[in-house]
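K.L.:
Dropping the structure in here first, questions after.
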Amino acid sequence: MAYSEKVIEHYTNPRNVGSFAKGEDNVGTGVVGAPECGDVMKLQLKINPENGVIEDAKFKTFGCGSAIASSSYVTELVKGKHIEEAMTIKNTVIVKELNLPPVKIHCSVLAEDAIKAAITDWKSHQTPASAQEPRKAQES
Amino acid sequence: MIKCQACDREQQPRLLCAQCGAPLGAGLDLFAALGLPRKLTIDPARLEQTYHDLGRRIHPDRFASKSVRLRDASLRATALLTRAYRTLRDPVSRGLYWLELNGHKLADNNKSVPADLAEMVFEVQEQLADLRVARDGSGGEAERLRGAVDERRTELHRMIEGGSRELVQNFARWDAHGGANGAGRDALVMELKLVLSKIAYLRTLIRDIDRELDSAQAA
Ligand code: FES
């Protein structure tokens with residue numbers, strides 16, 4: 001399978017590989033898998049509880065080059081975004097950016113799902129009063 | 001009902017004509033191609049026997065001197081039979097085919113990996129990454145890591161065996177259930193998906209280990 005240039009670029013030089021230290025505050029972790037191929041992806045987001053903005057992101061993905069490139073790309077994409085905006089990121093953006101062929105679309109879906117899973121995980125650790133609805137909190 | 005092109009006999013779809021033995025095969029699902037009931041539990045000995053039996057009766061050699069249409073039919077029926085046999089022989093691919101046959105997608109609503117399994121995947125992958133680094137250095141560390149990864153591989157194979165047993169149990173439940181729609185059926189679909197996914201994650205991990213240990217040996 002011929003990978004696109006951008007996939008190869010992310011694959012050979014992946015951004016933000018790794019994990020945040022265990023027990024670090026304000027980190028949401030999403031672990032998702034693609035049962036068709038058996039690949040597993042972990043995405044971690046560091047989210048500011050004051051304003052709900054994603055400040056940092058790290059990933060660990062093994063195996064498939066497109067999944068590695070997809071997760072590398074989304075770690076860059078989500079930084080600086082509000083979580084509600086990040087929740088709306090669609091895999092099609094990734095497919096377009098990385099030029100993924102049809103058989104590799106599920107790899108980008110994995111990255112989209114990982115973002116959602118990480119944010120959902122982070123929310124589940126927050127107290128309702130703090131960051132879940134930061135904008136409303138500011139208004140009142 | 002379909003009609004045999006050779007003798008015009010009308011009959012239920014099957015691999016070869018009940019009257020004249022000409023190959024048919026059009027529009028069959030893979031269970032029907034083998035003349036098996038749509039059940040997930042399959043006796044391997046019976047499967048072998050049926051496959052070879054049917055294969056002989058529709059073999060292209062038997063139709064070499066017949067019409068083009070019959071020769072064609074024999075080739076197509078043979079290809080279908082082979083695909084049916086290969087798909088249904090392995091319980092994992094049989095389960096995947098079953099999902100497809102019933103209109104389900106393995107990945108739908110099925111992205112989360114059981115926490116203990118995910119942890120294991122990441123641990124083993126770390127070990128493999130370490131092994132890749134150590135391989136270029138002096139021998140002792142690489143040797144130790146290789147042993148550790150090899151142990152993991154044995155453990156993973158055991159887990160796959162466990163998964164296969166769960167699969168057999170799920171198959172039996174399907175067959176007992178009778179296929180009516182409703183909550184019971186949905187639960188069986190989900191259970192089947194989860195077992196198949198678990199096996200997929202384990203197989204991928206073993207594949208990665210095999211690759212690493214083999215290339216470690218070659219180095
Ligand atoms: S091949 Fe499965 S995630 Fe890419």
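K.L.:
(1) surrounded by 16 or more Cβ atoms within 10 Å (Cβ to Cβ); (2) at pLDDT below 95; (3) not in a helix (DSSP H, G or I): which one isn't true of B:Ile42, the others all being true?
P.N.:
(2)
K.L.:
Out of B:Leu202, B:Leu145, B:Leu192, report the one residue that is in contact with a helix residue (DSSP H, G or I) (Cβ under 6 Å, 6 or more places away or on another chain), away from chain A (no Cβ under 14 Å) and crowded, with 18+ Cβ neighbours inside 10 Å.
P.N.:
B:Leu145
K.L.:
If you scan segment B:11-35, which residues turn out to be closer than 19 Å to B:Glu100 by Cβ and in contact with a strand residue (DSSP E or B) (Cβ under 6 Å, 6 or more places away or on another chain)?
P.N.:
B:Pro13
K.L.:
Something else now. From B:Asp61, B:Asp108, which residue is exposed (fewer than 15 other Cβ atoms within 10 Å of the Cβ) and within 14 Å of chain A (Cβ to nearest Cβ)?
P.N.:
B:Asp108
K.L.:
Return the residue satisfying two criteria in turn: it lies in segment A:12-46 and is of a type in the set (A, V, I, L, M, F, W, C) and not in a strand (DSSP E or B), and of such residues it is nearest to B:Arg207 (Cα to Cα).
P.N.:
Restricting to residues being of a type in the set (A, V, I, L, M, F, W, C) and not in a strand (DSSP E or B), the top hit is A:Cys37.
K.L.:
Are there any pairs with C-beta distances below 7 angstrom linking a residue in segment B:36-58 that is within 29 Å of B:Leu188 (Cβ to Cβ) to a residue that is assigned to a helix (DSSP H, G or I) and of a type in the set (Asp, Glu), with the two at least 6 apart or on different chains, and if so which?
P.N.:
From residues that are within 29 Å of B:Leu188 (Cβ to Cβ), the pairs are B:Lys39/B:Asp175; B:Leu40/B:Asp175; B:Thr41/B:Asp175.
K.L.:
Further, regarding this structure: Criterion first (among the aliphatic types (A, V, I, L, M) and surrounded by 14 or more Cβ atoms within 10 Å (Cβ to Cβ)) does B:Ala77 satisfy it?
P.N.:
yes
K.L.:
When you look at A:Thr88, is it more than 13 Å from the ligand (Cβ to nearest atom) and over 10 Å from the mean Cα position of the chain (by Cα), yes or no?
P.N.:
Taking the combined requirement at face value, the residue satisfies it.
K.L.:
Out of everything in segment A:24-80 that is within 14 Å of another protein chain (Cβ to nearest Cβ) and away from the ligand (no atom under 16 Å from the Cβ), what residue ends up being surrounded by the most Cβ atoms within 10 Å (Cβ to Cβ)?
P.N.:
A:Gln44
K.L.:
In addition: How about segment B:113-126: which of its residues are more than 8 Å from chain A (Cβ to nearest Cβ) and surrounded by fewer than 16 Cβ atoms within 10 Å (Cβ to Cβ)?
P.N.:
Of everything in segment B:113-126, those that are more than 8 Å from chain A (Cβ to nearest Cβ) and surrounded by fewer than 16 Cβ atoms within 10 Å (Cβ to Cβ) turn out to be B:Pro114, B:Asp116, B:Glu119, B:Glu123, B:Glu126.
K.L.:
I want to confirm something. Restricting to segment A:111-131 and keeping residues that are over 16 Å from A:Glu84 (Cβ atoms) and modelled with pLDDT of 95 or more, which single residue is surrounded by the fewest Cβ atoms within 10 Å (Cβ to Cβ)?
P.N.:
By that ranking, first place goes to A:Asp113.
K.L.:
Would you point out which residue out of A:Ser70, A:Ser19 is under 12 Å from the mean Cα position of the chain (by Cα), small (Gly, Ala, Ser) and either closer than 15 Å to A:Asp113 by Cα or at pLDDT below 95 (or both)?
P.N.:
Step by step, each of A:Ser70, A:Ser19 is checked, and only A:Ser70 is under 12 Å from the mean Cα position of the chain (by Cα), small (Gly, Ala, Ser) and either closer than 15 Å to A:Asp113 by Cα or at pLDDT below 95 (or both).
K.L.:
So, one more: For B:Gly95, work out the one condition from (1) in contact with an Asp or Glu (Cβ under 9 Å, 6 or more places away or on another chain); (2) in a helix (DSSP H, G or I) it doesn't fulfil.
P.N.:
It fails just one condition, (1).
K.L.:
Enumerate the pairs (first residue in segment A:29-48 and among the basic types (Lys, Arg); second residue anywhere and part of a strand (DSSP E or B) and crowded, with 24+ Cβ neighbours inside 10 Å) with beta-carbon separation below 6 Å, excluding pairs fewer than 6 apart on the same chain, so at least 6 apart or on different chains.
P.N.:
A:Lys42/A:Val31
The values are calculated or read from the model by the stated rules, or taken from the named source; none is laboratory data. Bear in mind that the values here come from a model prediction, so they are computed numbers and not experimental data. With ideal geometry, Cβ positions are generated from the backbone for all residues, glycine too; neighbour counts draw on all protein chains shown.
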